[in-house]
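These notes concern the structure reproduced below.
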(Lines give C-alpha, C1' and ligand atoms only; values in the text may rest on other atoms or scores of the structure.)
Protein backbone atom coordinates (compact mmCIF):
# COMPACT_ATOMS: atom_id res chain seq x y z
CA UNK A 1 0.00 0.00 0.00
CA UNK A 2 1.58 3.20 -1.19
CA UNK A 3 0.57 6.59 0.13
CA UNK A 4 1.02 9.75 -1.83
CA UNK A 5 0.94 13.25 -0.49
CA UNK A 6 -0.34 15.95 -2.73
CA UNK A 7 0.78 19.56 -2.77
CA UNK A 8 -2.70 20.52 -1.60
CA UNK A 9 -2.26 18.37 1.55
CA UNK A 10 1.06 20.04 2.32
CA UNK A 11 -0.41 23.53 1.94
CA UNK A 12 -3.38 22.64 4.17
CA UNK A 13 -1.01 21.27 6.84
CA UNK A 14 1.11 24.44 6.70
CA UNK A 15 -2.00 26.63 6.98
CA UNK A 16 -3.21 24.57 9.92
CA UNK A 17 0.13 24.89 11.73
CA UNK A 18 1.03 28.44 10.61
CA UNK A 19 0.53 29.98 14.03
CA UNK A 20 2.89 27.38 15.53
CA UNK A 21 5.42 27.86 12.73
CA UNK A 22 5.51 31.61 13.43
CA UNK A 23 5.21 31.52 17.23
CA UNK A 24 8.06 29.10 18.04
CA UNK A 25 10.83 31.13 16.29
CA UNK A 26 9.48 34.34 17.87
CA UNK A 27 9.61 32.73 21.32
CA UNK A 28 13.15 31.50 20.62
CA UNK A 29 14.26 35.01 19.59
CA UNK A 30 12.64 36.58 22.67
CA UNK A 31 14.26 34.04 25.02
CA UNK A 32 17.62 34.55 23.31
CA UNK A 33 17.30 38.33 23.64
CA UNK A 34 16.37 38.07 27.33
CA UNK A 35 19.31 35.78 28.06
CA UNK A 36 21.73 37.94 26.07
CA UNK A 37 20.68 41.25 27.57
CA UNK A 38 19.85 40.19 31.12
CA UNK A 39 22.01 37.19 32.01
CA UNK A 40 25.21 37.36 29.96
CA UNK A 41 27.92 39.73 31.12
CA UNK A 42 29.20 42.08 28.40
CA UNK A 43 32.90 41.71 27.57
CA UNK A 44 34.93 44.71 26.40
CA UNK A 45 38.16 44.66 24.46
CA UNK A 46 41.16 46.97 24.57
CA UNK A 47 44.40 46.79 22.60
CA UNK A 48 47.84 48.28 22.64
CA UNK A 49 50.58 47.92 20.05
CA UNK A 50 54.31 47.47 20.49
CA UNK A 51 57.03 47.70 17.88
CA UNK A 52 60.00 45.37 17.75
CA UNK A 53 62.69 47.24 15.86
CA UNK A 54 66.38 47.70 15.28
CA UNK A 55 68.22 49.82 17.82
CA UNK A 56 71.42 50.54 15.91
CA UNK A 57 72.21 54.22 15.45
CA UNK A 58 72.76 54.12 11.69
CA UNK A 59 69.71 54.54 9.51
CA UNK A 60 70.19 51.52 7.24
CA UNK A 61 68.58 48.31 8.39
CA UNK A 62 69.39 45.08 6.58
CA UNK A 63 66.89 42.41 5.58
CA UNK A 64 68.58 40.00 7.99
CA UNK A 65 68.01 42.37 10.90
CA UNK A 66 64.33 42.72 10.00
CA UNK A 67 64.02 38.92 9.67
CA UNK A 68 65.70 38.51 13.06
CA UNK A 69 63.24 40.99 14.59
CA UNK A 70 60.32 39.10 13.03
CA UNK A 71 61.62 35.86 14.54
CA UNK A 72 62.01 37.61 17.89
CA UNK A 73 58.31 38.48 17.81
CA UNK A 74 57.42 34.79 18.20
CA UNK A 75 59.65 34.62 21.25
CA UNK A 76 58.21 37.84 22.62
CA UNK A 77 54.62 36.62 22.29
CA UNK A 78 55.50 33.68 24.53
CA UNK A 79 57.38 35.85 27.04
CA UNK A 80 54.47 38.32 27.32
CA UNK A 81 52.13 35.54 28.50
CA UNK A 82 54.74 34.16 30.92
CA UNK A 83 54.57 34.52 34.72
CA UNK A 84 57.75 36.62 34.70
CA UNK A 85 55.73 39.40 33.02
CA UNK A 86 52.15 38.73 34.13
CA UNK A 87 52.99 38.37 37.82
CA UNK A 88 54.51 41.86 37.71
CA UNK A 89 51.46 43.14 35.84
CA UNK A 90 49.19 41.72 38.57
CA UNK A 91 51.33 43.41 41.22
CA UNK A 92 51.71 46.80 39.50
CA UNK A 93 48.07 47.14 38.45
CA UNK A 94 46.79 45.77 41.79
CA UNK A 95 44.72 43.13 39.99
CA UNK A 96 42.56 40.58 41.77
CA UNK A 97 42.79 38.13 38.86
CA UNK A 98 45.06 35.11 39.11
CA UNK A 99 47.81 34.35 36.63
CA UNK A 100 45.64 31.75 34.87
CA UNK A 101 42.67 34.09 34.59
CA UNK A 102 44.87 36.90 33.30
CA UNK A 103 46.46 34.58 30.73
CA UNK A 104 43.00 33.72 29.37
CA UNK A 105 42.12 37.42 29.04
CA UNK A 106 45.20 38.31 27.00
CA UNK A 107 45.94 37.54 23.36
CA UNK A 108 49.19 38.52 21.69
CA UNK A 109 49.30 38.58 17.89
CA UNK A 110 51.84 39.79 15.34
CA UNK A 111 50.33 42.13 12.75
CA UNK A 112 50.55 40.87 9.14
CA UNK A 113 54.24 39.95 8.87
CA UNK A 114 55.25 43.29 10.35
CA UNK A 115 57.32 44.16 13.37
CA UNK A 116 54.19 45.32 15.20
CA UNK A 117 52.61 43.17 17.91
CA UNK A 118 49.07 43.76 19.20
CA UNK A 119 48.31 42.97 22.84
CA UNK A 120 44.54 42.58 23.28
CA UNK A 121 42.75 42.21 26.60
CA UNK A 122 39.11 41.23 27.10
CA UNK A 123 37.45 42.14 30.41
CA UNK A 124 34.03 42.91 31.86
CA UNK A 125 35.04 46.53 32.51
CA UNK A 126 36.43 48.59 29.60
CA UNK A 127 38.70 50.72 31.79
CA UNK A 128 40.13 47.60 33.40
CA UNK A 129 40.84 46.06 29.98
CA UNK A 130 42.74 49.20 28.93
CA UNK A 131 44.66 49.30 32.23
CA UNK A 132 45.74 45.68 31.86
CA UNK A 133 46.76 46.10 28.20
CA UNK A 134 48.82 49.20 28.94
CA UNK A 135 50.45 47.66 32.01
CA UNK A 136 51.38 44.51 30.08
CA UNK A 137 53.04 46.62 27.36
CA UNK A 138 54.92 48.79 29.87
CA UNK A 139 56.10 45.87 32.03
CA UNK A 140 57.17 43.91 28.96
CA UNK A 141 59.06 46.88 27.50
CA UNK A 142 60.91 47.35 30.79
CA UNK A 143 61.56 43.67 31.59
CA UNK A 144 62.67 42.49 28.14
CA UNK A 145 65.83 44.58 28.60
CA UNK A 146 66.82 42.38 31.54
CA UNK A 147 65.44 39.09 30.19
CA UNK A 148 67.08 39.15 26.75
CA UNK A 149 69.56 42.02 27.09
CA UNK A 150 67.93 43.94 24.23
CA UNK A 151 66.29 47.33 24.02
CA UNK A 152 64.28 46.99 20.84
CA UNK A 153 60.68 47.23 22.06
CA UNK A 154 58.74 50.47 21.85
CA UNK A 155 55.09 51.14 22.61
CA UNK A 156 53.35 52.43 19.48
CA UNK A 157 49.90 53.05 20.88
CA UNK A 158 48.30 52.79 24.27
CA UNK A 159 44.87 51.32 24.90
CA UNK A 160 42.25 54.00 25.53
CA UNK A 161 38.63 53.78 26.57
CA UNK A 162 36.24 55.67 24.32
CA UNK A 163 33.33 57.79 25.49
CA UNK A 164 30.80 55.02 24.97
CA UNK A 165 32.58 51.68 24.60
CA UNK A 166 30.60 48.85 23.10
CA UNK A 167 31.07 45.24 24.16
CA UNK A 168 32.60 42.68 21.81
CA UNK A 169 30.59 39.87 23.38
CA UNK A 170 27.87 38.75 23.56
CA UNK A 171 26.54 39.68 20.14
CA UNK A 172 22.75 40.02 20.60
CA UNK A 173 21.96 40.13 16.88
CA UNK A 174 23.94 36.97 16.18
CA UNK A 175 22.45 35.16 19.19
CA UNK A 176 18.91 36.03 18.13
CA UNK A 177 19.57 35.04 14.50
CA UNK A 178 20.95 31.68 15.59
CA UNK A 179 17.96 31.15 17.89
CA UNK A 180 15.49 31.87 15.10
CA UNK A 181 17.23 29.54 12.66
CA UNK A 182 17.85 26.68 15.07
CA UNK A 183 14.18 26.04 15.71
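Restricting the first member to the stretch 142-162 and to residues that are under 17 Å from residue 68 (Cβ atoms), and the second to residues that are in a strand (DSSP E or B), the beta-carbon pairs closer than 8 Å and six or more apart or on different chains are 144/153; 152/52; 153/50; 153/51; 153/52; 154/50; 154/51. Restricting 131, 156 to residues that are farther than 29 Å from residue 34 by Cα, buried (at least 20 other Cβ atoms within 10 Å of the Cβ) and out of contact with any helix residue (DSSP H, G or I) (no Cβ under 7 Å at 6 or more places or on another chain) narrows the list to 131. Condition check for residue 95 on (1) in contact (Cβ under 8 Å) with a residue 12 or more places away in the chain; (2) more than 20 Å from residue 156 (Cβ to Cβ); (3) in a helix (DSSP H, G or I): one failure, at (3). Would you pick out the residues in the stretch 67-84 that are more than 20 Å from residue 115 (Cα to Cα) and either over 21 Å from the mean Cα position of the chain (by Cα) or assigned to a helix (DSSP H, G or I) (or both)? Those that are more than 20 Å from residue 115 (Cα to Cα) and either over 21 Å from the mean Cα position of the chain (by Cα) or assigned to a helix (DSSP H, G or I) (or both): 83, 84. Of all the numbered requirements in (1) out of contact with any strand residue (DSSP E or B) (no Cβ under 7 Å at 6 or more places or on another chain); (2) exposed (fewer than 14 other Cβ atoms within 10 Å of the Cβ); (3) closer than 27 Å to residue 42 by Cα, residue 74 misses one, and that requirement is (3). Of the candidates 63, 125, 115, 141, the single residue that is modelled with pLDDT of 90 or more and over 19 Å from residue 45 (Cα atoms) is 141.
Within the stretch 90-101, if we keep just the residues that are under 21 Å from residue 42 (Cα atoms) and touching a helix residue (DSSP H, G or I) at 6+ places or on another chain (Cβ under 9 Å), the residue that is surrounded by the fewest Cβ atoms within 10 Å (Cβ to Cβ) turns out to be 96.
Residue-by-condition table, conditions (1) in contact with a strand residue (DSSP E or B) (Cβ under 6 Å, 6 or more places away or on another chain); (2) not in a helix (DSSP H, G or I):
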residue: 65; (1), (2): no, no
residue: 128; (1), (2): no, no
residue: 144; (1), (2): yes, no
residue: 156; (1), (2): yes, yes
residue: 174; (1), (2): no, no
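With closer than 27 Å to residue 53 by Cβ, out of contact with any helix residue (DSSP H, G or I) (no Cβ under 6 Å at 6 or more places or on another chain), exposed (fewer than 14 other Cβ atoms within 10 Å of the Cβ) and free of Cβ contacts under 8 Å to residues at least 60 places away in the same chain as the only criterion, which of 104, 109 stands out? Going through 104, 109 in turn, just one is closer than 27 Å to residue 53 by Cβ, out of contact with any helix residue (DSSP H, G or I) (no Cβ under 6 Å at 6 or more places or on another chain), exposed (fewer than 14 other Cβ atoms within 10 Å of the Cβ) and free of Cβ contacts under 8 Å to residues at least 60 places away in the same chain: 109.
The values are calculated or read from the model by the stated rules, or taken from the named source; none is laboratory data. Predicted, not measured: the structure shown is a model, and the values here were computed from it. Reconstructed Cβ throughout: ideal geometry from the backbone, glycine too, with neighbour counts over all protein chains shown.
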